[in-house]
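The values are calculated or read from the model by the stated rules, or taken from the named source; none is laboratory data. None of these values were measured; they are calculated from a predicted model. All Cβ positions, glycine included, derive from the backbone under ideal geometry; neighbour counts span all protein chains shown. Just the protein is used for accessible areas: all its heavy atoms, side chains included, with ligands, DNA and RNA removed. Shrake-Rupley method; radii C 1.70, N 1.55, O 1.52, S 1.80 Å.
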Amino acid sequence: MVKWVLGLTIVGCLVMPAALSAQAKPSAAKSWASLKTADGQPDLQGYWTNATLTPLERPAQLAGKATLTAEEAAAYVKQIREQGNRDRRGGSAETDVGEAYNDFWFDRGTKIVGSLRTSLIVDPPDGKIPSLTAEAQQRVDATREFNRQHPADGPENRGLAERCLIWGTAGPPMMPGPYNNAYQIVQNRDYVVILVEMIHDARVIPLDGRPHLGGDMRQWMGNSRGRWEGNTLVVDTTDFSGKAPFRGSDQNLHLVERFTRTDANTMQYEFTVNDESAFTRPWSVQIPFTKAEGPIFEYACTEGNYGMTDILAGARAQEQKGAAR
């Protein structure tokens, strides 16, 4: 799968204002949290990135170890970066072609989260996604088997990302991907808008207390409603269609996201997944967003326009070849 990326996200740092002098440093986080927009809201605006080498789930090799020491973290980062280096060629021609990009185009980040946690999942304590319910597992297995047997009957059989429709970075929840992990947040009194670099989705989140759509009005990205709890933006999303499932979720997914500015360069992003018909228990994730330089350039996803024709034509050619035997 080939994506043409028209801009690269460059992670930057903002310098704390000179007014925060040495004697004020102990309360710097509090002082930053007290800054507001013209409408009196906590200011979340700007460009952000959630790129990180920390995996969603705790790797088997780190089972039972919630955090790393600084020395262990350095060794782990080195290992992950070496394993993920796409410039390391070898093996069969098929393997080499399957690597697609060279490493230049990736933006996975260069370190794990600052807390040195071994997983982005913070609950359950084992850092693992809870088991699916029996019914959900049957649904997932049936979908996988159907996709295996019908990989390219039509465009609908291909993945949503390949068709340039939606990507996991947009969510919700908003997960880091292999590249294009940039976001821009704009807010006023009545709305917060989150522009997602990947496939350029824009989440428009009302803050005016309106109810969810409810009924039969269901959307791929759900229906989000926001509110302020102190310095934290809480976004409650329901009414998912189930057509863009997250790790086995279905249309009953209830997602709660929390955005909290913790200092000049960091925003803590947390979310809790609650879907009783899909998972055996709720589970929660924490991902730090760090300040990035803007602007965000257009991400031009072209597979749905060009690649799809070749994929389907190749599938028809294979069918004809099989029928001729």
With criteria (1) touching an Asp or Glu at 6+ places or on another chain (Cβ under 9 Å); (2) free of Cβ contacts under 8 Å to residues at least 24 places away in the same chain; (3) at positive phi, D208 comes up short on (3)
When you scan region 77-103, how many residues do you find that are out of contact with any Pro (no Cβ under 9 Å at 6 or more places or on another chain), in a helix (DSSP H, G or I) and in contact (Cβ under 8 Å) with a residue 12 or more places away in the chain? 3
Pairs please, first residue from region 111-139 and among the acidic types (D, E), second anywhere and not in a loop (DSSP other than H, G, I, E, B), Cβ atoms under 9 Å, 6+ apart in sequence or on different chains. D123/T272; D123/W283; D123/S284; D123/V285
Kindly indicate whether any position in region 303-321 is open to solvent by 20 Å² or more (accessible area, probe 1.4 Å), farther than 19 Å from P151 by Cβ and touching a strand residue (DSSP E or B) at 6+ places or on another chain (Cβ under 8 Å). no
Among (1) at pLDDT below 95; (2) out of contact with any Leu (no Cβ under 9 Å at 6 or more places or on another chain); (3) farther than 21 Å from G294 by Cα - the single one R158 does not satisfy: (2)
Identify, from the list E276, E298, the residue that is closer than 24 Å to V204 by Cα and either touching a residue at least 12 places away in the same chain (Cβ under 8 Å) or open to solvent by less than 60 Å² (accessible area, probe 1.4 Å) (or both). E298
Residues (crowded, with 16+ Cβ neighbours inside 10 Å and among the β-branched types (V, I, T)) located in region 256-271: V256, T260, T266
When region 104-121 is examined, which residues are found to be part of a loop (DSSP other than H, G, I, E, B) and among the hydrophobic types (A, V, I, L, M, F, W, C)? F106, I112, V113, L116, L120
Please work out if I194 is β-branched (V, I, T) and within 18 Å of F271 (Cβ to Cβ). yes
Those residues that are more than 20 Å from W48 (Cβ to Cβ) and aromatic (F, W, Y), I need them from region 224-263; list them, please. F240, F246
Keeping to region 59-74, report how many residues are over 13 Å from V113 (Cα atoms) and open to solvent by less than 60 Å² (accessible area, probe 1.4 Å). 2
